[in-house]
Amino acid sequence: MNFENILVENNEGILQITIDRPTKLNALNKATIEELHVAFEDAKEDEDVKVIILTGSGEKAFVAGADISEFSDYSPKEGKALAAEGQAKLFDFIANFSKPVIAAVNGFALGGGLELAMAAHFRIASDNAKMGLPEVSLGLIPGYGGTQRLPQLVGKGRAMEMIMTAGMIDANQALQYNLVNHVVSQEELLDFAEKLAGKIMRNSLVAISSAIKAVNANYETGVNGFETEINEFGSCFGTADFEEGTSAFLNKRKADFPGN
Ligand code: COA
């Protein structure tokens, strides 16, 4: 598939996916969501992709939300389908992705943009970043997982305040709220993300994929995360990565994980 709204570049196992509609502040229209879905599907199958960094084009925005111009005349039925499809194709898809996904938030992350960043496994931000869920100012609520993921990350009271006021917080406040893990300058952002990706890639990616499942299990209704952890822990013992990791440690050498 030829992408028109995103850029995809693999740099030694680190796949950078850039949402590329800078004149619309990278707003997520349906075509962009579809392309992102395809890019993530491809990345899942591609053995040369180890870690994914998700960012926005230009200096102003990560993603300024879902594309408002596309849904302004939707009916309740169409609105419901928009949220359901978006969550299945992109937001939940990323949250449950088997390879690590880092959001490098390089400017406005609003509405669907913040929801996209929150679907990633963790976030880093540039110091000019601004984050918020402004949907109630449009007569809407967040529909791409924001009412669920924001309280998980920042706590219920802060999430309620952010959603009700439709206000934006800056990068440092987002750091205080645990919404992002690190704040760096815009020039440093991608290098910083790549360094973190490099650190991750030195470990067993097979084990990391089990860890993602176990951590996510904590947030699934009706699932006992401790049990998921026990099962995933057990499965690790059957992997070549486990054999290599433990033998490398015992032989005082660096592990070279066959699964990576
Ligand atoms: N959907 C569609 N288009 C959007 C958009 C969105 N979510 N966010 C920005 N754009 C477009 C603007 O319409 C404008 O397009 P135009 O030049 O063709 O008129 C362009 O991106 C630049 O945005 P602009 O508003 O002129 O930039 P600004 O610096 O004055 O303001 C924001 C920046 C982020 C504060 C402002 O764009 C904004 O409030 N966007 C909407 C945020 C939002 O409510 N998101 C949740 C959607 S559910």
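A few remarks follow.
- Projecting the Cα atoms of 230, 190, 165 onto the charge dipole of the chain (Cβ charges, centred on the Cα centre) puts 165 farthest toward the positive pole.
- Distant-in-sequence amide H partners of residue 56 (H built 1.01 Å from N, under 5 Å): 19, 106
- On full extension, the segment bounded by residue 243 and residue 219 gains 5.6 nm, given 0.36 nm per residue less the C-alpha separation.
- Principal-axis analysis of the Cα atoms of the chain puts helix 76-86 at an angle of about 30° to the longest axis.
- Rounded to whole numbers, the Karplus 3J(HN,Hα) couplings from phi for the stretch 9-21 are 9, 9, 10, 6, x, 9, 8, 9, 10, 10, 6, 10, 10 Hz, using 6.51 cos²θ - 1.76 cosθ + 1.60 with θ = phi - 60°, and x at Gly and Pro.
- Relative contact order (percent, whole number), the stretch 147-260, Cα cutoff 8 Å, 6+ residue spacing: 17 percent
- If you take all other residues with their beta carbon under 14 Å from the beta carbon of residue 176, and give Lys and Arg +1 and Asp and Glu -1, the sum is -1.
- Whole-number D in µm² s⁻¹ for the stretch 114-260, Kirkwood Cα-pair radius fed into Stokes-Einstein, 20 °C, 1.002 mPa s: 121 µm²/s
- Cβ-based charge dipole, the chain, positive-most Cα from 143, 155, 210: 155
- Subset of 130/195; 44/213; 99/195; 44/252; 60/195 violating a 21 Å alpha-carbon distance limit: 130/195; 44/252; 60/195
- Charge dipole of the chain (Cα centre as origin; +1 on each Lys and Arg Cβ, -1 on each Asp and Glu Cβ, all else neutral): 740 debye, rounded to the nearest 20.
- Degrees, to the nearest 10: 225-236 long Cα axis against longest axis of the chain: 40 degrees
- For the stretch 36-143, a crude dipole built from +1 on the beta carbon of Lys and Arg and -1 on the beta carbon of Asp and Glu, taken about the Cα centre, is about 360 debye to the nearest 20.
- 3J(HN,Hα) from dihedral phi, the stretch 112-122, Karplus parametrisation 6.51/-1.76/1.60, rounded to Hz, x for glycine, proline: x, x, 5, 5, 5, 4, 6, 6, 5, 6, 7
- Taking the longest Cα principal axis of the chain as reference, the axis of helix 30-45 is set at about 0 degrees.
- Once C-alpha pairs closer than 8 Å and six or more residues apart are averaged by separation and normalised to the residue number of the chain, the relative contact order reads 15 percent.
- Put simply, the amide H of residue 259, placed in the peptide plane, has neighbours under 5 Å in 241, leaving out anything fewer than 5 places away on its chain.
Every number in this text was worked out from the coordinates using simple rules, so none of it is lab data. Just so it is clear, the model here is predicted, and its values are computed rather than measured. Methodologically, a virtual Cβ is constructed for each residue, glycine included, from the backbone with ideal geometry; neighbour enumeration extends over all protein chains shown.
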